[in-house]
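The values are calculated or read from the model by the stated rules, or taken from the named source; none is laboratory data. This structure is a prediction, so every number in the text was calculated from the model and none was measured. Glycine gets a Cβ as well: all are built from the backbone with ideal geometry, and neighbour counts include every protein chain shown.
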Amino acid sequence: MTQPAPTLQIVIPLFPDVTHLDFTGPHQVLSRAPNSQVIVASMGGRDIAAEGLVFTGLADLAKVERCDLLLVPGGFGATDAMLDEAFMREIRRLGAGATWLTSVCTGSLILAAAGFLTGKRAATHWAWRELLEPFGVIVDTARVARDGNVITGGGVTAGLDFAFTVLAEIAGEDFAKTVQLGLEYAPAPPFNAGRPELAPPEILAAFNHRVEPLVIARRAAAAEAARRLQTA
């Protein structure tokens, strides 16, 4: 018996140095959505290295004709991705026809650089919230933020909360709860240090010191991406 064609197409665009949990967590959840297809793609279908893992067998992003839901992950590579005009062209093309525009972590910077978040409320990793402001984004500190058809998650692990929020939107809350049960998603972290307001001061200072070399480069990239958006 021929299976019906999927009625919902989800596209996850990858770029070098993406944070793999930003998309593998949501992929695990959203791959269970009924009547759907999840396409993971990269420019030219090239393999993508992501923090020690290599993702292969990817679709060619430029050959993906359309999507209903665009899900942009983040990661250290987001700094270069939002200045990559070829990659951003595909993000704008697919996002223009999408019903839902979504992101996890600094994927919201890419959506913002594409012009999709101007005047919208959006979340991102707590360390990079200020970088959304030059794009005219209303920064939301929530773990998952929603503004119309825009749904954005905070940093990395927030992608799971984000994914269940999206799944409830597209398949209903009861179905999302069933998937949550099947995946035994009942978080109980061993440490209460997952947000800056919860972490001990010395832990927060150590983290900020570790990412300090990235701060200058990412601020400059965000400023340049915002300039390009304003002059486009």
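Find the residue count for region 61-103, including only residues that are surrounded by fewer than 16 Cβ atoms within 10 Å (Cβ to Cβ), closer than 18 Å to residue 10 by Cα and touching a residue at least 40 places away in the same chain (Cβ under 8 Å).
Residues that pass the stated criteria total 2.
Just checking, does region 166-178 include any residue being farther than 19 Å from residue 36 by Cα, modelled with pLDDT of 95 or more and among the small types (Gly, Ala, Ser)?
No.
Quick grid of which residues meet (1) of a type in the set (A, V, I, L, M); (2) in contact with a Gly (Cβ under 7 Å, 6 or more places away or on another chain); (3) surrounded by 17 or more Cβ atoms within 10 Å (Cβ to Cβ):
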site: 118; (1), (2), (3): no, yes, no
site: 130; (1), (2), (3): no, no, no
site: 156; (1), (2), (3): yes, no, yes
site: 163; (1), (2), (3): yes, yes, yes
site: 172; (1), (2), (3): no, no, no
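Every residue, every condition in (1) aliphatic (A, V, I, L, M); (2) more than 28 Å from residue 169 (Cβ to Cβ), yes or no:
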| position | (1), (2) |
| --- | --- |
| 42 | no, no |
| 76 | no, yes |
| 80 | no, yes |
| 85 | no, yes |
| 95 | no, no |
| 100 | no, no |
| 112 | yes, no |
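Please work out if residue 18 is aliphatic (A, V, I, L, M), surrounded by 15 or more Cβ atoms within 10 Å (Cβ to Cβ), modelled with pLDDT of 95 or more and under 15 Å from the mean Cα position of the chain (by Cα).
When the stated conditions are applied, residue 18 passes them.
For the condition free of Cβ contacts under 8 Å to residues at least 24 places away in the same chain and small (Gly, Ala, Ser), what is the one hit in 168, 163?
Answer to the selection: 168.
If residue 58 satisfies all but one of (1) touching a residue at least 60 places away in the same chain (Cβ under 8 Å); (2) buried (at least 19 other Cβ atoms within 10 Å of the Cβ); (3) more than 25 Å from residue 169 (Cα to Cα), what's the number of the condition it fails?
(1)
Scanning for something touching a residue at least 40 places away in the same chain (Cβ under 8 Å) and of a type in the set (Gly, Ala, Ser), does region 187-204 turn up at least one residue?
Scanning region 187-204 turns up no residue that is touching a residue at least 40 places away in the same chain (Cβ under 8 Å) and of a type in the set (Gly, Ala, Ser).
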